[in-house]
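The values are calculated or read from the model by the stated rules, or taken from the named source; none is laboratory data. A quick note: this is a predicted structure, and the numbers were derived from the prediction, not measured. For neighbour counting, all protein chains shown are included, and Cβ atoms are generated from backbone atoms with ideal geometry for every residue, glycine included. Surface areas here come from the heavy atoms of the whole protein model, side chains and all, with no ligands, DNA or RNA. Shrake-Rupley method; radii C 1.70, N 1.55, O 1.52, S 1.80 Å.
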Amino acid sequence: MGEFCPSPQGDSALAAPPLTLSSPSPATAVRPSYGSCDRRYVKLVFDNLHGSISVDPLALQFVDTEEFQRLRDLKQLGLTYLVYPGAVHTRFEHSLGVYSLAGKAINNLKTYQGEELGIDHVDMQTVKLAGLLHDIGHGPFSHLFEHEFLPRVDPGSSWSHEDMSVLLLDSIVDKHAIDIENGYLKMVKEMITASAKPTSTKSANEKHFLYDIVANGRNGIDVDKFDYVGRDCRACGLGCNFQYWRLLEGMRVMGDEICYPAKDYLSIHKLFSTRADLHRTVYTHAKVKAVELMLVDALIEANDYLGISLHAHDPEDFWKLDDTIIKTIETAPNNELKKAKEIIQRIRRRELYKFCNQYSVPKDKLEHFKNITAQDIVCSQKSSEVLLKEEDVAVSNVKIDLTRGKDNPLESIKFFKDFGCDEKFPITDDRVSHLLPAYNEDRIVRVYAKKPELVDVVSEAFENLQMRMYGEKTQVHETPKRKRIRSN
């Protein structure tokens, strides 16, 4: 397990002389028009996943803003690097990677179907910008901020990083006087929110397929997944057999919908199954979740003093939030944030919340399953010398699926036999292989004791809860007895 190693000045890329991709052009130079590709203004960036990436002039104007440079201080996988030391990549390189793949996707469609579909330089520029800017609205520690912290301090909030990306995009354009027409800007914003709001009105009424490239709300196949699946596997040292280039080369628009060769069915299934494997082995690793639960508790303790959740609604304040907030907490005045500082110090010393045990929700109970809470555990305690309180217990409810819950996402994808065929059709699993999973969703409940001496008590209460709910103990993994003794 590693440690936080922030550099001086909060490890901010803006604290040192900014490492930008472009240099100011001469005052007399005429800036290229929207969607143009004047090589005098194009810059090359080398990415360890995709190789050389050509960044066009308009994209460079966004990249060189402080709001986009902030992504250097947002780790893609939050605190996962404390368990997988290689997972130190950031939203910055991911955004450049999605920009590159979005460009390749729309370029392939233009090469083979450009005249038929009416793809022009405006479409190409807009899709690439959406890829570049789709994640600028992420908060500190990425998904932890959105899915773990905000729901605790602002229950019922509909806040999403996609919506904040849209707000930040407007702020960037106004603040830095970036020359982009309102109609084009609107399309970029719609493409960013396409996965969260697939039924919203589209500006390009005759080209709905453009909205399926970066964030696909129709069936989940998009270049965002292509990049983070490959990048996260590489960073964590996991194998990745998914080959995104096959899908980029084979994609074809039929009836305003991106379709794929039938022979690539298993390749597409591999995309979703690899993503599910990442969730199981990396994103929701038991130790990763323990660290995240602790950090959320620390952020909640610091929220009133720092006003963290208030900044989430104002793009002018929000962009200043990043992973260096840990350093902000640690350097607060001595009498402030005492409990938050203690939790962070425990993380550094590896004194994590103690994993007690876990269980997978039975298949016949998945449909009506409700998240387990610390109160459920406490109320299941029967008899003990120690009386549990809710603040003694932490619960992680994990959902792993193929992006569509219990449904198979491949059922919403259309295929074609070959490029000489004009018919598109769905394919069911049983026509491909009987080895594919019958269920597409897992629910796992993990319980942690916040104090090592409470591991046995919490474990017993958790077992009582399982007996009450299912009539049996369903867990297959728990803290070994020797570790319990050592922790006491």
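Descriptive notes on the structure:
- Residue that is nearest to Arg40 (Cα to Cα), among those in region 56-75 that are in contact with a Pro (Cβ under 9 Å, 6 or more places away or on another chain) and surrounded by fewer than 20 Cβ atoms within 10 Å (Cβ to Cβ): Asp64
- The selection criterion, being within 30 Å of Lys451 (Cβ to Cβ), among the hydrophobic types (A, V, I, L, M, F, W, C), over 26 Å from the mean Cα position of the chain (by Cα) and open to solvent by less than 60 Å² (accessible area, probe 1.4 Å), holds for Cys356.
- Residues considered: Asp392, Asp429. Of these, the only one that is touching a Leu at 6+ places or on another chain (Cβ under 7 Å) and over 30 Å from Leu295 (Cα atoms) is Asp429.
- Within region 404-441, considering residues that are aliphatic (A, V, I, L, M) and surrounded by 11 or more Cβ atoms within 10 Å (Cβ to Cβ), the one modelled with the highest pLDDT: Ile413
- Filtered residues of region 380-430 (kept if in contact (Cβ under 8 Å) with a residue 40 or more places away in the chain and farther than 30 Å from Thr274 by Cα): Ser380, Gln381, Lys382, Ser384, Val386, Leu388, Glu391, Asp392, Val393, Asp422
- Region 231-258 residues that are on the phi > 0 side of the Ramachandran plot and open to solvent by 40 Å² or more (accessible area, probe 1.4 Å), paired with ones that are charged (D, E, K, R) and at pLDDT 95 or above (beta carbon under 9 Å, 6 or more apart): Gly255/Lys414; Gly255/Lys424
- Output for region 232-243, where each listed residue is out of contact with any helix residue (DSSP H, G or I) (no Cβ under 6 Å at 6 or more places or on another chain) and closer than 15 Å to Tyr84 by Cβ: Cys233, Arg234, Ala235, Gly237, Leu238, Gly239
- Test: residue in region 305-321 that is β-branched (Val, Ile, Thr), in contact (Cβ under 8 Å) with a residue 12 or more places away in the chain and open to solvent by 20 Å² or more (accessible area, probe 1.4 Å): no
- Of the residues in region 98-118, at least one is assigned by the TED database to the domain that holds Glu257 and more than 30 Å from Gly420 (Cα to Cα).
- Flag if Asp179 is surrounded by fewer than 24 Cβ atoms within 10 Å (Cβ to Cβ), outside any loop (DSSP other than H, G, I, E, B) and of a type in the set (D, E, K, R): no
- Test for Ile377: is it under 30 Å from Arg91 (Cβ atoms) and surrounded by 15 or more Cβ atoms within 10 Å (Cβ to Cβ): no
So that you can scan it fast, the table gives a plain yes or no per residue for (1) more than 14 Å from the chain's Cα centre (by Cα); (2) open to solvent by 30 Å² or more (accessible area, probe 1.4 Å):
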{"residue": "Thr90", "(1), (2)": "no, no"}
{"residue": "Leu129", "(1), (2)": "yes, no"}
{"residue": "Phe145", "(1), (2)": "no, no"}
{"residue": "Val153", "(1), (2)": "yes, yes"}
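- Criterion (open to solvent by 50 Å² or more (accessible area, probe 1.4 Å), touching a helix residue (DSSP H, G or I) at 6+ places or on another chain (Cβ under 9 Å), among the hydroxyl-bearing types (Ser, Thr, Tyr) and assigned to a helix (DSSP H, G or I)) met by exactly one of Thr281, Thr274: Thr281
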